[in-house]
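The values are calculated or read from the model by the stated rules, or taken from the named source; none is laboratory data. Computed from a predicted model, the values in this text were never measured in an experiment. With ideal geometry, Cβ positions are generated from the backbone for all residues, glycine too; neighbour counts draw on all protein chains shown. These accessible areas exclude ligands, DNA and RNA; they are computed on the full protein's heavy atoms, side chains included. Shrake-Rupley method; radii C 1.70, N 1.55, O 1.52, S 1.80 Å.
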Amino acid sequence: NVMKKMHHFPINAITVFCLVSLASPETRADNPSDQRLAKMTRAIKAMTVRPKKSDAPLADTSQRVPVLRFGDATRQASDGALWKIGAERPLMMIAMEFTDSSGELTVNYEFLCLTEEKFELRTPQGWTWTPQDTALQLKKLPGIAAPNSAAVVRLRQMKAASRRFSADEFYQGETFQLRLMPQPIDRYRFGEDGDGAVFAFVNGTNPEVLL
């Protein structure tokens, strides 16, 4: 399952960029990393997701889990987290990246739709995200053995398959070779016997491509 993440350029994904001020007296606490995570958690939980048609079914979006905490000093992203929305296969991914501008923390949101369901995401600030299509691509990978009956062996099979891929990123006039993280950032079950994992290609620890 190849999923491309958006970062400053649209690639088969629905991307929204927004700067929101997060400055408050709390950011001066003794543990700023924990404070930033708490702010991201509140922001994610405050988002509402509803179907575009009032009578349309919509998968459960109440489970919202940070699957990767990252930083990227080369791109002024001091701290960030990638959030999975959905209980099984991710329905969407939301990246939040903090930057420090003149002593005030701001955050950049990046959204990736991974479902064909039509929905609208709304924030308390009043802006919305309504993707028109999914970025999820399902393709058969040749030369792969049948999934093993043991979950631990299936994970080894997925890790081996992930190493068949590589990823480059063209950013601000330069090409960067991205690093495949050796462990999946998400492992999930779906349906009766479905088993999956999400791997990340990163710059530093900043996820740019999801596999």
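Annotations
- Label point distance in nm, Gln172-Gln125, each placed 7 Å from Cα along Cα→Cβ: 2.1
- With DNA, RNA and ligands ignored, accessible area of Thr48 (1.4 Å probe; Å², nearest 10): 80
- Cβ-Cβ distance of Ser149 and Thr48, R₀ of 41 Å, FRET efficiency by 1/(1 + (r/R0)^6): the value works out to about 0.50.
- Per DSSP, loop GluC sites (Glu not before Pro) in the range 79-150 with at most 10 further Cβ within 10 Å: Glu116
- Note on Asp72: accessible area approximately 10 square angstrom, rounded to 10, probe 1.4 Å, nucleic acids and ligands left out.
- 1.4 Å probe accessible area per residue over the range 49-171, in Å²: 54
- Where Asp79, Asp30, Asp193, Asp60 fall by accessible area, highest first, once all protein chains stay in place (1.4 Å): Asp30, Asp193, Asp60, Asp79
- Taken one residue at a time, the phi angles of the range 182-195 give Karplus couplings (6.51, -1.76, 1.60, θ = phi - 60°) of x, 10, x, 7, 8, 10, 9, 10, 8, x, 7, 9, x, 9 Hz. Gly and Pro are set to x.
- Spin-label model distance (nm) - Arg164 vs Glu116, 7 Å beyond Cα toward Cβ: 2.4
- Phi angles of the range 59-72 translate, via the Karplus equation with coefficients 6.51, -1.76, 1.60 and θ = phi - 60°, into HN-Hα couplings of 4, 5, 10, 6, 7, 9, 10, x, 9, 7, 9, 9, x, 7 Hz per residue; Gly and Pro are given as x.
- Amide H contacts of Gly71 (H built 1.01 Å from N, under 5 Å, at least 5 apart or other chain): Thr205, Asn206
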